[in-house]
Amino acid sequence: MSKKYSHVIVVGIDGAGSFIKDAKTPVFDQIFKNGAVTYDALASNPSISAECWGSMLLGVGPEVHGLTNQVVSENPYPTNSHFPTLFRRIKEAYPEATLGAYCNWSRINTGIVENNLEVSHETGGDDALTPVICDYIRNQKPDFLFIQFDSVDSAGHRNGYGTPAHLQRISEVDALVGDIYNATKEAGILEDTLFIVIADHGGTPPDEGGRGHHGGWSVGERYVTFAATGRGVAKGTVAEMNVRDLAAIVLYAFDIQTPEFCEKGWTSQVPEGIFADDSLPAYRDISHLTGAAPRVSKEPHTSELV
Ligand SMILES: [Zn+2]
């Protein structure tokens, strides 16, 4: 095996959807100015946190992994599942790997990540957790680090998604992303890091009570941001993508073989437009598995019903 990157850092921004493109995000814009970006990646359906984060870390859809917010709140993720997380796949390939999961929504640390892999984890509010994460990066130089910020989703629930208050919180979290990026630089590992920002789902405009929701399949709920930068990442727009593809992207970075594609199992693929690698298989349309209509066009929002 020869790793394409020694380090992968994923910053997950819960509830940011595709609204990052509407918010002031100078840090994001700078970090990914030469990176691969899309605001049209598809969430998992239903567009709920456990379903979406579970899909990203497991490479399978919600109908396969069965995780819901209640399930992950009440049960540790089985250590012998047929569908191991990225953490277990990386640990099995590289037993010495340093792994971290730093999630504001602590249910990811306990209900999605196996508890027997020596994954370093902490939880806390986004602002308080960030310096802890930065220290961890500088001191431990993790091979794989998964971060989840939750305050943007809270702002969406409180005010409606896409509202000034929601966009303002995205801008504030943008600064935290900058802190993490700078810590990666200070750790001396940036040149050998695949750095990713991804959202799990978006949400709805405010209802009569002024609150936002998600779980449905409206445009605001189902489209999310994905951005990657690192040595060899193509500059431009990522083509068709589903959040579950994060798993295949991370395995590709570590040169770990992906399981065979199977509609009842592993459906994670490396989207076109991230890595210039002709040996990658053509991207399969899985929109019939996600609740979206079949793709008919390469224009933005390519999985929309037409
Ligand atoms: Zn969420």
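Could you say which residue among 177, 224 is of a type outside the set (D, E, K, R), away from the ligand (no atom under 13 Å from the Cβ), in contact (Cβ under 8 Å) with a residue 60 or more places away in the chain and not in a loop (DSSP other than H, G, I, E, B)?
None of the others qualify; the one that does is 177.
Out of segment 183-217, which residues are more than 16 Å from the ligand (Cβ to nearest atom), farther than 18 Å from residue 159 by Cα and of a type outside the set (S, T, N, Q)?
Within segment 183-217, 183, 185, 186, 187, 188, 189, 190, 191, 192, 194, 195, 196 qualify.
Applying the selection to segment 238-263, what residues are outside any loop (DSSP other than H, G, I, E, B), under 16 Å from residue 65 (Cβ atoms) and either more than 12 Å from the chain's Cα centre (by Cα) or among the polar types (S, T, N, Q) (or both)?
242
What is the residue count in segment 1-24 for residues that are within 15 Å of the ligand (Cβ to nearest atom) and part of a loop (DSSP other than H, G, I, E, B)?
Count: 5.
Inside segment 46-77, can you point out the residues that are outside any helix (DSSP H, G or I), within 15 Å of the ligand (Cβ to nearest atom) and surrounded by 24 or more Cβ atoms within 10 Å (Cβ to Cβ)?
Passing the criteria: 47, 67.
Quick grid of which residues meet (1) touching a strand residue (DSSP E or B) at 6+ places or on another chain (Cβ under 9 Å); (2) closer than 26 Å to residue 136 by Cα; (3) of a type in the set (S, T, N, Q); (4) at pLDDT 95 or above:
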| position | (1), (2), (3), (4) |
| --- | --- |
| 57 | yes, yes, no, yes |
| 62 | no, no, no, no |
| 66 | no, no, no, no |
| 70 | no, no, yes, no |
| 74 | no, no, no, no |
| 78 | no, no, no, yes |
| 84 | no, yes, no, yes |
| 91 | yes, yes, no, yes |
| 97 | yes, yes, no, yes |
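Which pairs turn up if I take residues in segment 4-22 that are at pLDDT 95 or above and look for partners that are assigned to a loop (DSSP other than H, G, I, E, B) and of a type in the set (A, V, I, L, M, F, W, C) with beta carbon separation below 8 Å, at least 6 apart in sequence or on another chain?
Cβ pairs passing all conditions: 4/254; 5/254; 6/189; 7/189; 8/254; 14/105; 17/43.
The values are calculated or read from the model by the stated rules, or taken from the named source; none is laboratory data. This structure is a prediction, so every number in the text was calculated from the model and none was measured. A quick note on method: Cβ atoms are made from the backbone with ideal geometry, for glycine too, and the neighbour counts reach across all protein chains shown.
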